[in-house]
């Protein structure tokens, strides 16, 4: 049986976990090691770390931080931000990551996704899409932590990346991110409906109900959130109990 | 308790960091190695790995580790294989062709076929005890049937003998063997080092069997 993964997301800037609204207006939330451990203990199914300025500054994810975080955390870890070479992926995997999420570099060099999937296996290559709805109603892919628009249709881009061999898609709704208005259910439906690979949705979780609503709309493989967990508005344990009671398959 | 020497074999595939840290939690002398002399002197060995069957066997071959591991198994010493490291314990694998395995546990490794879910099978899923297996004396001691563990794979074990099946899992309408055993040799298709507290318990159980 497929179980929906609940995935806390930690946006990293320097040594801190930060959080903004619509990917902007950042506030420091805490340190990554403590937060990640708290989520591990609270029943997270996986943890997602995104260095939100690595691409912008042409930097790499700080693999030393990753190594120290992963010492105490025995669930799958995905890292993203600034991944742009085979060597970067190697370093991430050797530091405790199981998967890498790639956005900016893949938009500029789509063939890199195929090369990476052949080298490390599809299961460890995640396409990260930052999608923003255009006035005419389609979703545009953004890069560099939601800063740069590309003119690329996010849904078409997902289709192409699947053909190149990626093993999972992480979709962030820039419109909903940090608003707590709920996940973008339309966005979920438009990608989950055709994707043969797992889809994880991020952006907009505000309550238990946001999660339930998304699961009932179109059961995605994973739902990711930041603020509601960071500010202790929602414990992962309680959330999972709630979903379970409402007949959504989760790991208890 | 004296610290056990646990050799985690690095044959060029996969994330070894998490596995080493998991063993480190239990205060053993665990280390990563690719030397056959370390295998001979170890109290237990661990075969990790993610990737294709042939690349795993090639990785062992170029490091001259195939015979040392087979000898180790013949002496009935403890081995823990994880994911690809468990698959190569079998006689042969059918990933991108037909390849010889370590042939420590008879049977083969085949692709997931005719199932109704996505392949690779990635995520948390439950392990059950088959009627023939007694978990109490194994690495699954005091693990509840139906416990969730973490899987990432497209191929599955097909042991020749029912007595080598330690656990089963259901996925996409199929029941498959998710853990194998023989003497003190164990293979898990899932990743104990990524399966939270239950996974750590499995690792602790393995250490206690050494």
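The values are calculated or read from the model by the stated rules, or taken from the named source; none is laboratory data. Not measured: the values here are computed from a predicted model. No Cβ is skipped: glycine too gets one built from the backbone with ideal geometry, and neighbour counts run over all protein chains shown.
Can you find even one residue in segment B:8-23 that is assigned to a loop (DSSP other than H, G, I, E, B) and over 24 Å from residue A:118 (Cα atoms)? Scanning segment B:8-23, I find no residue that is assigned to a loop (DSSP other than H, G, I, E, B) and over 24 Å from residue A:118 (Cα atoms), so the answer is no. Among residues of segment B:172-192 being modelled with pLDDT of 95 or more and within 11 Å of chain A (Cβ to nearest Cβ), the one that is surrounded by the fewest Cβ atoms within 10 Å (Cβ to Cβ) is B:191. Counted as qualifying within segment A:1-98 are the strands (runs of 3 or more DSSP E) with 2 or more residues that are under 30 Å from residue A:133 (Cβ atoms) and modelled with pLDDT under 90, namely A:16-21, A:24-30.
All of B:26, B:96, B:31 fail the test of being touching a residue at least 24 places away in the same chain (Cβ under 8 Å), on the phi < 0 side of the Ramachandran plot and within 14 Å of another protein chain (Cβ to nearest Cβ), apart from B:26. Looking at A:188, A:201, just one residue is in contact with a strand residue (DSSP E or B) (Cβ under 6 Å, 6 or more places away or on another chain), more than 14 Å from chain B (Cβ to nearest Cβ) and in a strand (DSSP E or B), and that residue is A:201.
Selection of first residues in segment A:1-16 that are free of Cβ contacts under 8 Å to residues at least 24 places away in the same chain and within 14 Å of chain B (Cβ to nearest Cβ) and of second residues that are buried (at least 24 other Cβ atoms within 10 Å of the Cβ) and assigned to a strand (DSSP E or B), restricted to Cβ pairs under 7 Å at least 6 apart or on distinct chains, gives an empty result. For segment A:101-123, the count of residues that are out of contact with any helix residue (DSSP H, G or I) (no Cβ under 8 Å at 6 or more places or on another chain), modelled with pLDDT under 95, facing chain B (nearest Cβ under 8 Å) and not in a loop (DSSP other than H, G, I, E, B) is at least one. Answer yes or no: is there a residue in segment A:220-238 that is assigned to a helix (DSSP H, G or I), free of Cβ contacts under 8 Å to residues at least 40 places away in the same chain and more than 20 Å from the chain's Cα centre (by Cα). The answer is yes, given that some residue of segment A:220-238 is assigned to a helix (DSSP H, G or I), free of Cβ contacts under 8 Å to residues at least 40 places away in the same chain and more than 20 Å from the chain's Cα centre (by Cα). Quick check, is residue A:118 without any contact (Cβ under 8 Å) to a residue 60 or more places away in the chain, farther than 25 Å from residue A:91 by Cβ and out of contact with any strand residue (DSSP E or B) (no Cβ under 9 Å at 6 or more places or on another chain)? So residue A:118 fails the test. Only a single criterion out of (1) part of a strand (DSSP E or B); (2) within 16 Å of residue B:84 (Cα to Cα); (3) over 15 Å from the mean Cα position of the chain (by Cα) is not satisfied by residue B:46, namely (3). Apart from one condition, residue B:37 fits all of (1) surrounded by fewer than 17 Cβ atoms within 10 Å (Cβ to Cβ); (2) in a loop (DSSP other than H, G, I, E, B); the exception is (2). Screening residue B:141 against (1) more than 14 Å from chain A (Cβ to nearest Cβ); (2) closer than 24 Å to residue B:102 by Cα leaves a single unmet condition, (2). If the condition is being within 14 Å of chain B (Cβ to nearest Cβ) and either in contact (Cβ under 8 Å) with a residue 60 or more places away in the chain or assigned to a helix (DSSP H, G or I) (or both), then segment A:154-166 contributes only A:162.
Considering the conditions (1) over 17 Å from the mean Cα position of the chain (by Cα); (2) part of a helix (DSSP H, G or I), residue A:214 is excluded by exactly one of them, (1).
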